Amino acid sequence: MKAVQLLEHSTSTDVLTYEDYQDPSPGPEEVLVDIKAAALNHLDIWTRRGLPMLDLEMPHIPGSDGAGIVTDVGDDVTRFDVGDHVAVSPGVSCGKCEFCRDGDPTLCDSYQILGEHRPGVHAESVVLPETNLVPVPDHVDWEVAGSSALVFQTAWRMLLTRGELDPGESALVLGASGGVGHAAVQIADHAGAEVFATASSEEKLEHAADCGADHLINYEEDDFASEIHERTDGRGVDMVVDHIGAETYKDSLKSLVKGGRVVTCGATTGGNPGAGLNRIFWNQLSVIGSTMGTPGEVDDVLELVWDGTFEPRIRDTLPMSEIQRAHEMIENRDGFGKVVVVPDSEYE
Ligand code: ZN
């Protein structure tokens, strides 16, 4: 079979190839899946560039999101049969530590993500533990099934479980054109919040409005904290959803109402902004972290993707042999929503 392979860490995409790789076969409690569509996340860029503490065996198959058809099952697999449609949920937990035993595997002492710490799914076929698969109804498009799990579970846990967003509150979603951003806009709207969204162009903002944003801010033209101040009569918003980090953090704090909270699930532009403690204590703000989602949260949010309540927007679909271009599209922030890759043998 063919698979996308990372040959070594690099800021250049030259280290990605699409070549022959050994055919996988499932062991106990594992399932073989023929991938029909997969998607990229910012995580794929970080993994390619390399992260402290990340020690991968090369070549490494990247990719955390994908969906396909079960073609073989190992011993003791109970939830799936050959022919089932499945999507990948990439969180891997130990099941044994105090946090797993307490019911929250996202806090697992040895939490890992498929495609980052372990071989991923940008390949024709993959073997995965059955615990990493979610059933997909047959009517759901492969592009939708293969591009939803990571961003929708991340945004769901961030806004609802960790951020406890209530109907009637206001939420500002930064970078609404990215994967997590456009999922967060949809979830905040669905939760009954008044949604403010930022993006870098009018075209992206139109997409954000289509996802449910009530107020649009072009951050290339306007300073978003001043805009929030103006548009809320000086009050500020109840929640800021920030996955951007150093570039936006200070203005995120400035955009909050007294007692408000900023929820973060990433720091694309850097993880060490000034803490802003003066503003935090005086305005009694909360800074809340969030990572991925529990299997229960994944089930809850994907149910709403499968029934069409939420919809990942597809920026472009490329054959896996164009994986370098797919990475560049994510890095250059071209367009709105998800970049999908499909095995060349499936590409039409
Ligand atoms: Zn654990």
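Since every read-out is calculated from the coordinates, none of them should be taken as a lab result. Model, not experiment: these values are computed from the prediction. In this analysis, Cβ positions are derived from the backbone assuming ideal geometry, glycine residues included, and neighbour counts consider all displayed protein chains.
Before moving on, here are some points about what is shown:
- Computed log10 I(q)/I(0) for the chain at 0.10, 0.12, 0.15 Å⁻¹: -0.58, -0.84, -1.28, from the Debye equation with unit scatterers placed on every C-alpha and solvent omitted.
- Nearest 10 degrees, 0 to 90: helix 179-190 Cα axis against the chain principal axis: 60 degrees
- Working note: Cα gyration tensor of the range 244-348, eigenvalues times five, square-rooted, sorted largest first, giving semi-axes of 35, 20, 11 Å.
- What the Cα convex hull of the range 117-191 gives, in volume per residue, is 143 Å³.
- Axis angle, to the nearest 10 degrees, between helix 295-306 and the longest C-alpha principal axis of the chain: 90 degrees.
- Under the Karplus curve 6.51 cos²θ - 1.76 cosθ + 1.60, θ = phi - 60°, whole-Hz ³J(HN,Hα) for the range 22-38, x wherever Gly or Pro sits: 4, 5, x, 9, x, x, x, 6, 10, 10, 8, 10, 7, 6, 9, 7, 9
- Dmax and Rg, reported as Rg then Dmax, of the range 152-289 (C-alpha, Å): 13.2, 38
- Estimated from helical segments only, the mean residue ellipticity of the chain at 222 nm is -6500 deg cm²/dmol, where each DSSP H run of four or more residues counts as -39500 (n - 2.57).
- Residues Trp306, Trp142, ranked from the fewest to the most other C-beta atoms within 10 Å, line up as Trp306, Trp142.
- Under the Karplus curve 6.51 cos²θ - 1.76 cosθ + 1.60, θ = phi - 60°, whole-Hz ³J(HN,Hα) for the range 80-88, x wherever Gly or Pro sits: 9, 10, 4, x, 5, 8, 9, 10, 8
- The chain: Lys pairs at Cα distance under 18 angstrom, eight or more positions apart or on different chains: 4
- Put in order of Cβ neighbour count within 10 Å, fewest first, the listed residues Val180, Val341 become Val180, Val341.
- Listing Ile314, Ile288, Ile187 from fewest to most neighbouring C-beta atoms within 10 Å gives Ile288, Ile314, Ile187.
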